[in-house]
Amino acid sequence: MPDLVVFKMAKNLRTGRVLIDWSQNHVAKTTIAPYSLRGRATPTVSTPITWDEVRACRTPAELTFTADDVLHRVDEHGDLLAELDATRVALPSR
């Protein structure tokens with residue numbers, strides 16, 4: 001599906017396509033899906049945050065969350081990524 005997907009980083013090749021960044025599939029990379037537990041002795045959770053939280057943050061520990069923290073955050077803020085689902089772009093059918 002070269003008209004829909006590209007794997008090269010060159011910006012001019014990506015216009016109107018989805019970039020599959022295969023280079024992220026490496027043991028040294030830290031990319032993880034939202035709300036996923038990280039594989040560590042004390043697992044933390046990849047957590048969506050607000051811009052206000054980013055601006056107010058003074059230390060990384062302020063934006064480090066456990067599974068229990070995330071459950072409380074969702075109760076308080078709702079799912080900060082819910083809007084993404086509502087704005088999905090439909091790909092043309094093949």
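The values are calculated or read from the model by the stated rules, or taken from the named source; none is laboratory data. Since the model is a prediction, treat every value here as computed from it, not as a measurement. Neighbour counts are summed over all protein chains in view; Cβ atoms, including those assigned to glycine, are modelled from backbone coordinates with ideal geometry.
Observations, loosely collected:
- Residue list for the stretch 73-94, filter: at pLDDT 85 or above and either loosely packed, with under 12 Cβ neighbours inside 10 Å or small (Gly, Ala, Ser) (or both): Asp75, Glu76, Gly78, Leu81, Ala82
- Every residue from the stretch 3-27 that is within 17 Å of the chain's Cα centre (by Cα) and among the small types (Gly, Ala, Ser): Ser23
- Some residue of the stretch 31-49 being closer than 30 Å to Pro2 by Cα and β-branched (Val, Ile, Thr): yes
- Of all the listed residues (Arg38, Arg14), the sole one being at pLDDT 85 or above, closer than 30 Å to Thr64 by Cβ and not aromatic (Phe, Trp, Tyr) is Arg38.
- Any chance Pro48 is under 22 Å from Lys29 (Cβ atoms) and either of a type in the set (Val, Ile, Thr) or surrounded by 10 or more Cβ atoms within 10 Å (Cβ to Cβ) (or both): yes
- The numbered conditions (1) part of a loop (DSSP other than H, G, I, E, B); (2) at negative phi are all true for Tyr35 except (2).
- Residue list for the stretch 9-22, filter: out of contact with any Ser or Thr (no Cβ under 9 Å at 6 or more places or on another chain) and surrounded by 10 or more Cβ atoms within 10 Å (Cβ to Cβ): Leu13, Arg14, Arg17, Val18, Leu19, Ile20
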